[in-house]
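Presented below is the structure to which this report refers.
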2 protein chains.
Amino acid sequence: MGVTKTDNQQLKVREKIDKILLDKASNENCCPVKDILGRFGDKWSIYTILMLGRKETLRFNELKTLISGISQRMLTVTLRSLEEDGLVKRTIYPEIPPRVEYELTALGHSLLLKLLELADWAKLNIHQIIEAREVYAGKKSH
Amino acid sequence: MGVTKTDNQQLKVREKIDKILLDKASNENCCPVKDILGRFGDKWSIYTILMLGRKETLRFNELKTLISGISQRMLTVTLRSLEEDGLVKRTIYPEIPPRVEYELTALGHSLLLKLLELADWAKLNIHQIIEAREVYAGKKSH
DNA sequence: CAGGATCCAGCAAGATACTG
DNA sequence: CAGTATCTTGCTGGATCCTG
């Protein structure tokens, strides 16, 4: 034998990584992961997706109130990029005063689920990370 | 009845979101997800983690070669922040010429797995997203 | 009410030169 | 070899004013 279960897992992981890196080559200059993560790696996208996940639809100023600290411009920019990626649907009602409603698309909902999984990881390990940061800070000042 | 399976799923999702947002309140000013995502949402962290996932250990210049386009400074900064969070272990061998080896910690490996899951989502949906972008671009110029 | 346009500050990130 | 230090720049994101 000589091949443990851990070794096998390792091999699978490396295979997967290689696949992703291959995709990168086939695409222009960026692997999908990086592209996607780049999208919601910004300051507000995650909050926005989470907030939209809590209700069916939300209006612009409702979102602005829910996402504390966001500026008008950033909310507009964030919503536009999410809309552009097909994660958020924007519906304009030609009324006076104007009304615009935002909601997650099916794609947006499926991303939301993945984000929640990642959130679980984060919640599970946040203490380890914080601890590591303290250790690191301690070593630095030693 | 009147409560479909979809409704139940929706409720669970919203519950989960609420939990995350509560954590945000208990922490300083940031939910764990955002904190964590902020870390590897930058330009190079993901590549670095992926590359480190392919080998046991890697030296500074090996990494620099593997991650095409990264500058010396950015590699240093990226590795330091990953080390600070306890995702990467840095071992210095006091030789001449100096040798420094980097490897993923257990925590780093567990994050790698989650990143690969996200990568799967990205690979599965990248075409939908690209299509959405084209539709959006088409609408804009219409 | 929803958001477009503009201006500006601050930080992220690149290039270059130097060091233990 | 594996960085650090410094300078410079480009873009993110904020504030403000304006419009359909």
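Structure data summary
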{"item": "Residues of type aspartates and glutamates that A:Lys114 reaches as a straight line, Cα spacing below 12 Å, ignoring anything fewer than 8 places off in the same chain", "result": "B:Glu117, B:Asp120"}
{"item": "Mean residue ellipticity (222 nm) of chain A, computed from DSSP H runs ≥ 4 via -39,500 (n - 2.57), nearest 500", "result": "-22500 deg cm²/dmol"}
{"item": "Chain B, relative contact order in percent, only Cα pairs under 8 angstrom and at least six apart counted", "result": "17"}
{"item": "The range B:45-73-the range B:89-142 distance, computed between alpha-carbon centres (Å)", "result": "12"}
{"item": "Exam field: B:Arg14 pseudo-label spacings to other copies (7 Å along Cα-Cβ), nanometres", "result": "4.8"}
{"item": "Using a 7 Å Cα-to-Cβ projection, B:Thr91 label spacings across copies, nm, ascending", "result": "5.9"}
{"item": "Shape of the range B:22-103, Cα gyration tensor, a/c cut at 1.5", "result": "prolate"}
{"item": "Closest-to-axis residue of chain B (Cβ criterion, axis taking B to A), whole Å", "result": "B:Gly41, 1"}
{"item": "Teacher prompt: B:Leu113 distances to equivalent labels in other copies, 7 Å Cα→Cβ, nm", "result": "2.0"}
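FYI, it's all coordinate maths here, none of it is from the lab. Just so we're clear, the structure is a prediction, and the values are computed from it rather than from any experiment. Positions of Cβ are generated from backbone atoms using ideal geometry, with glycine treated the same way; all protein chains shown enter the neighbour counts.
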